[in-house]
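Just below is one structure, and these are the notes that go with it.
The values are calculated or read from the model by the stated rules, or taken from the named source; none is laboratory data. In this text the structure is predicted, and so the values were computed from the model without any measurement. Methodologically, a virtual Cβ is constructed for each residue, glycine included, from the backbone with ideal geometry; neighbour enumeration extends over all protein chains shown.
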Amino acid sequence: MFSRYRILIGGIKDRLTEALLKYEKASIILRVALSIVEERGRGQVGDFDYKTLTSKLLELGYDFEPKMILRALERDFGIIETSYKSSNQHWWRFIDLESVRDALDQGEEDPEIVLIRTQATSLGLEDIERKLQLLLQRGIRSDVDRAMFKRLAFEDLPLLLDVYKRSVQYEETKDISTRIKKILTLASRIARISNAKVNNSGFPEKEGERKDNHVDSVRLLHGKDPVGD
């Protein structure tokens, strides 16, 4: 259904919160649409139609065109989907009616929490953790391994650390901070093992530092790890 739409990130609640932040009238439209469902029930053709929605909006004193927001709720946020469309009718169905109702009842979520979740998802935590687990198991044995770890250390881990520092401040994002802490700890272990091998290889200290100085990028100043083990 969403192949022609943008890739959707997060659950219904997260996407709904993002939509409400972007379109202040989205809450009005969705609440009126829910009222139509409550009055008529969920029909085979759909949950609500454009004609009834605009009529209800006018009855409530809202004089604005909802087409653009309805299109965004469907294509950009995956909250509703077209269930029937003809030359003079357009019906939609809620993707997850109960989740939308619950989210609206609970009120808008803190935008910072939405941002943290979205950024964590975009970083691909599972993929980063998988790569680090692989490096930890087999060690950094080749130029390819060193390049991979350097890229992770300088490109991905700084972004993860930023998300971690903000995610620990909220109970709602505790799962994210826990996952990122595990990833940073893995990176720190790889760095320590790599440094130990270099120091025991017989290279002079400066040469060892020059050859593998990228492993220190996952440590804080004075040799401390980004987060506690």
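Worth a mention:
Residue-wise test of (1) in a strand (DSSP E or B); (2) at pLDDT below 95; (3) over 30 Å from K181 (Cβ atoms); (4) among the aliphatic types (A, V, I, L, M).
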position: K51; (1), (2), (3), (4): no, no, yes, no
position: E74; (1), (2), (3), (4): no, no, yes, no
position: D105; (1), (2), (3), (4): no, yes, yes, no
position: R117; (1), (2), (3), (4): no, yes, no, no
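- Note on the range 76-103: among residues that are out of contact with any helix residue (DSSP H, G or I) (no Cβ under 9 Å at 6 or more places or on another chain) and not in a strand (DSSP E or B), the one that is surrounded by the fewest Cβ atoms within 10 Å (Cβ to Cβ) is S87.
- Matching residues in the range 109-130 - criterion: being crowded, with 20+ Cβ neighbours inside 10 Å and of a type in the set (K, R): R117
- Number of the exception - I140 against (1) assigned to a helix (DSSP H, G or I); (2) surrounded by 13 or more Cβ atoms within 10 Å (Cβ to Cβ): (1)
- All positions within the range 155-177 that are in a helix (DSSP H, G or I) and modelled with pLDDT under 90: E171, E172, T173, K174, D175, I176, S177
- Test: residue in the range 68-75 that is of a type in the set (D, E, K, R) and surrounded by 13 or more Cβ atoms within 10 Å (Cβ to Cβ): yes
- Some residue of the range 178-190 being within 18 Å of the chain's Cα centre (by Cα), β-branched (V, I, T) and modelled with pLDDT under 90: yes
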